[in-house]
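J.: Could you have a look at this structure, given as structure tokens, before my questions?
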Ligand code: PMP
């Protein structure tokens with residue numbers, strides 16, 4: 001049985017991370033995996049989630065099933081966080097939100113819903129992409145394609161190319177967009193560009209799917225939700241996947257949300273029913289431990305404030321590392337333009353290094369980044385950032 005089944009090549013990120021693990025050098029640097037690390041190299045366990053977990057455990061509740069859509073308090077917390085409490089879409093109850101298994105689970109259930117509702121539509125994904133976007137939507141039965149996104153010359157968004165590609169799509173095409181902290185490039189649209197894109201989306205009647213995996217890691221929790229809120233305000237109907245993996249440092253608890261902005265409350269109720277049908281078919285209902293903790297934090301003012309402080313601190317550390325690399329490279333290798341470190345934002349940056357340079361960094365210096373030249377900035381700390389800057393200066 002299964003003789004015809006091909007071996008799984010594995011995810012390239014984990015392959016390079018394994019090479020890093022096997023490296024015996026003490027000064028090796030891991031910039032591969034998308035995890036947030038503290039300055040001492042540890043992955044944080046936030047005070048707010050610890051307090052919330054304790055609070056929930058003390059209640060000694062039986063572990064019965066959650067509803068298919070998840071906890072009401074969680075879902076309401078997601079809507080307030082993503083759309084803002086003052087948002088008209090939130091106030092008029094025209095958003096259908098479910099608690100999902102991380103951002104990935106939200107993309108999968110959203111993809112299932114989209115494919116069933118619009119079986120002839122195809123999905124358009126930024127080039128380059130988080131590779132799993134193609135895999136997830138392909139798994140929903142949706143044909144995926146690429147639109148131009150990154151300009152290697154400016155190391156920013158190729159906005160003209162992006163708009164030109166999207167302008168050609170048939171009505172009701174699905175468009176995957178990153179509201180902030182684009183993975184893998186770190187290059188984001190400006191507010192003005194979002195407004196132009198929203199106008200195009202309306203004109204061409206496209207269906208946007210916003211994937212917000214890093215809310216709070218760019219400019220702030222509210223600031224990073226600009227695109228979501230502007231789109232809702234403009235009357236666009238769309239989907240948003242949000243993840244708590246990074247901003248709650250809660251990776252393995254698999255906490256995220258899927259929100260579908262609908263025309264009115266009646267439509268949102270129908271859509272919620274269909275989301276539940278897809279949840280039932282996929283995994284029946286979400287797990288409760290992390291869900292309760294997140295819901296408690298989102299609904300308890302002191303814990304919420306603690307969480308906002310933790311996100312602010314994570315973002316500030318990332319900014320400091322970005323600025324330090326930029327400053328050091330300006331001194332060490334003035335011919336090399338490292339301004340991408342401060343222009344791009346979030347966990348990731350595209351260094352624009354060649355394959356040879358990336359390989360040299362790995363082999364000669366023990367500095368590990370992805371083959372694409374993507375670095376995960378929180379892998380840098382006050383201990384290794386000078387070494388990283390010097391290694392980079394040596395190969396450019
Ligand atoms: N979307 C993007 C762009 C991501 O980078 C990630 C995480 N790597 C996800 C979705 C998935 O998030 P989660 O780990 O919560 O499933």
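Only the coordinates and a few stated rules stand behind these numbers; no lab work does. None of these values were measured; they are calculated from a predicted model. Please note: Cβ atoms are built from the backbone with ideal geometry, for glycine as well, and neighbour counts cover all protein chains shown.
J.: Between 0 and 90 degrees, rounded to the nearest ten: what's the tilt of helix 12-22 against the longest Cα principal axis of the chain?
T.: 50 degrees
J.: Taking Cα centroids, how far is the stretch 308-332 from the stretch 66-83 in Å?
T.: Here the answer is 32 Å between Cα centres.
J.: A follow-up question, please. Most fluctuating residue of 226, 118, 74 in a GNM of the chain with Cα springs under 10 Å: which is it?
T.: Looking only at 226, 118, 74, the biggest GNM fluctuation is shown by 118.
J.: Grab the beta carbon distance between residue 93 and residue 55, set R0 = 41 Å, and tell me the FRET efficiency rounded to 0.05.
T.: 0.90
J.: Next up: What does the C-alpha gyration tensor say about the overall shape of the chain? Classify as rounded when a/c is under 1.5, otherwise prolate if a/b is larger than b/c, or oblate.
T.: Working: a/c = 1.59, a/b = 1.31, b/c = 1.21.
Prolate, because a/c is 1.5 or more and a/b exceeds b/c.
J.: Could you compute the FRET efficiency for residue 289 and residue 135, with r as their C-beta to C-beta distance and R0 at 35 Å, rounded to 0.05?
T.: Numbers: r = 27 Å, r/R0 = 0.77.
Computed FRET efficiency for residue 289 and residue 135: 0.85.
J.: Students often check this: by mean Cβ neighbours within 10 Å, which of 14-24, 42-52, 255-265 ranks highest, and how do the rest follow? Please list the in-between numbers first.
T.: Working: 14-24: 12.9, 42-52: 16.3, 255-265: 22.7.
The packing order, highest mean first, is 255-265, 42-52, 14-24.
J.: Another question about this same structure. What FRET efficiency would be calculated for the residue pair residue 305, residue 3, taking the C-beta separation as r and a Förster radius of 41 Å, to the nearest 0.05?
T.: With R0 = 41 Å, the Cβ-Cβ based efficiency is 0.10.
J.: If you take the Cα Rg of the stretch 65-299 and divide it by 2.2 N^0.38 Å, with N the number of residues, what do you get?
T.: 0.94
J.: Angle check, please: helix 301-332 long axis (alpha carbons) against the longest principal axis of the chain (alpha carbons), in degrees 0 to 90, nearest 10.
T.: Here the helix axis deviates by roughly 30 degrees.
J.: Here's something else I'd like to know. Could you check the spin-label model distance between residue 386 and residue 116? Points 7 Å from the Cα along Cα→Cβ, value in nm.
T.: 5.9 nm
J.: To continue, here is another question. Could you tell me whether the stretch 1-89 comes out rounded, prolate or oblate from its Cα gyration tensor? Rule is a ≥ b ≥ c as square roots of the eigenvalues, rounded for a/c under 1.5, then prolate if a/b exceeds b/c, otherwise oblate. Kindly include the intermediate steps, with their values, before the conclusion.
T.: Working: a/c = 2.00, a/b = 1.51, b/c = 1.32.
Note, shape of the stretch 1-89 comes out prolate.
J.: Need one number: % antiparallel among DSSP beta bridges in the chain, to the nearest 5.
T.: Given both bridge residues lie in the chain, the antiparallel proportion sits at roughly 50 percent.
J.: Using 7 Å Cα-to-Cβ label points, what is the residue 167/residue 23 separation (nm, one decimal)?
T.: 4.4 nm
J.: Right, something else. Under a plain spin-label model, where a point goes 7 Å from the Cα along Cα-to-Cβ, how far apart in nm are residue 195 and residue 76?
T.: Taking the simple label geometry, residue 195 and residue 76 are separated by 3.5 nm.
J.: Using a/c under 1.5 as the rounded threshold, could you call the stretch 147-227 rounded, prolate or oblate? The axes a ≥ b ≥ c are square roots of the C-alpha gyration tensor eigenvalues, and prolate needs a/b larger than b/c, oblate otherwise.
T.: It is oblate, given that a/c is not under 1.5 and a/b is not larger than b/c.
J.: Could you tell me what percent of the DSSP beta bridges with both partners in the stretch 65-299 are antiparallel, to the nearest 5?
T.: Of all bridge pairs located within the stretch 65-299, approximately 45 percent are antiparallel.
J.: A further question follows. For residue 277 and residue 47 in one chain, what is 0.36 nm times their gap in residues minus the Cα-Cα distance, to one decimal in nm?
T.: Length difference between fully extended and current span is 79.2 nm.
J.: In degrees from 0 to 90, rounded to the nearest 10, what is the angle of the helix 102-117 Cα long axis to the longest principal axis of the chain?
T.: The two axes meet at around 50 degrees.
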